Amino acid sequence: MDMERRTLLGLAMGAAVGASSARAQTQADAGRAGPPDPAETLRLWPDGAPGGQGVSITPVVPERSTDPAFHDRYAQYTTDPILTVFRPARPNGSAMLLIPGGGYRWAVLDKEGYDVARVFAATGTTCFVLRYRLPADGWAAGADAPLQDAQRAMRLIRSRAADYGVDPHKIAVLGASAGGHLAGLASARTDAVYQPVDTADAVSFRPDLSLLMYPVATMEGPHVHEGSRDNLLGESPTPTRLAAYSLERMDWRGAAPVFLLHAMDDAAVPVENSLQLLTTLKAAAVPVEAHLFQEGGHGFGVRLTQGKPAQIWPDLARAWAGRLNFTL
């Protein structure tokens, strides 16, 4: 999809929702039931996101839920990436960067972001939900624009750990679906994909623990999620480029321990994405634990697991992390 068409789509969606910013959308939804959104946010780029000279899009945060009991919002055409901060009542010293999915077309804020953050904040983990830029919106970095945001987010959290009562060596990343792919890139890659902008960029951008939920892992072969691949790399990427962004083809040696979670009946992102990555992690001697549930489908987060085997996944993740001396 070319830039002109995406710009027109962004403007049209902005008119449809009657607001051109995430703040306006949040205000419009303020009357819905359920816990309020945290008021604390942190901008990633104080002087604006890098490589935005060719970007002319309008941010939108549409509401998909028809049930007044809960939100189901997604962020699209993001230009000013932010972290939404969930501070626990009794911090346990750990932090978690949450990267929701959305096929690199948008970022699902509630189901795989805020909802999950509340679960882990309830047991003491300080959570940060990332609203990231999308690769086809005209950013100079293209496919690396989301990774720029993920790396910068991890550095900001780590550099300000004392402000949040967090151990700088106890910062996890949790990514779901395409967000799992982005979290995987942030975990495996050792090269910074942007130039330093301030002192926060002097610290490490790699997580100390990685939790990947039904991740989009491969960019090639029969198990690829085509929407994520096309939105990330375009419609005709070269074989070399496909391999470069396939998590199972990357060098994971030295990466933090990984927790994999997938449902066997996932019809959107086949479980082979996790299975192939599991093989790679084992070969690279990365400590890894995998849980495959008979049913659950795709995109279940925490709210859609009720009454299903996957309902226990947060407890499984906490137990796994605890064995690694990492409290979640």
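For the reader, a short list of remarks on this structure follows.
- Filter pass, T78 being within 15 Å of the chain's Cα centre (by Cα), in a strand (DSSP E or B) and not aliphatic (A, V, I, L, M): no
- Looking only at the range 87-122, and only at residues there that are of a type in the set (F, W, Y) and touching a strand residue (DSSP E or B) at 6+ places or on another chain (Cβ under 7 Å), the one that is farthest from K170 (Cα to Cα): W106
- All positions within the range 279-311 that are at pLDDT 95 or above and of a type in the set (A, V, I, L, M): L281, A283, A284, A285, V286, V288, A290, L292
- Helices (runs of 4 or more DSSP H) fully within the range 82-181 that include at least 2 residues being crowded, with 24+ Cβ neighbours inside 10 Å and touching a residue at least 12 places away in the same chain (Cβ under 8 Å): 115-121, 145-159.
- Search result, residues across the range 186-225 that are in a helix (DSSP H, G or I) and either at pLDDT below 95 or over 18 Å from the mean Cα position of the chain (by Cα) (or both): T199, A200, D201, A202
- Leading residue by the ranking (farthest from V271 (Cα to Cα)) among those in the range 185-228 that are β-branched (V, I, T) and surrounded by fewer than 24 Cβ atoms within 10 Å (Cβ to Cβ): T199
- Index of the failed condition, H169 passing every other in (1) under 29 Å from D315 (Cα atoms); (2) within 12 Å of the chain's Cα centre (by Cα); (3) not charged (D, E, K, R): (2)
- Selection status of A117, small (G, A, S) and closer than 22 Å to P50 by Cα: no
- Candidate set from the range 39-55 (those that are exposed (fewer than 13 other Cβ atoms within 10 Å of the Cβ) and not small (G, A, S)); member that is nearest to V85 (Cα to Cα): E40
- For P222, the conditions (1) over 20 Å from P81 (Cβ atoms); (2) touching a Phe, Trp or Tyr at 6+ places or on another chain (Cβ under 7 Å) are fulfilled apart from (2).
The values are calculated or read from the model by the stated rules, or taken from the named source; none is laboratory data. Just so it is clear, the model here is predicted, and its values are computed rather than measured. Methodologically, a virtual Cβ is constructed for each residue, glycine included, from the backbone with ideal geometry; neighbour enumeration extends over all protein chains shown.
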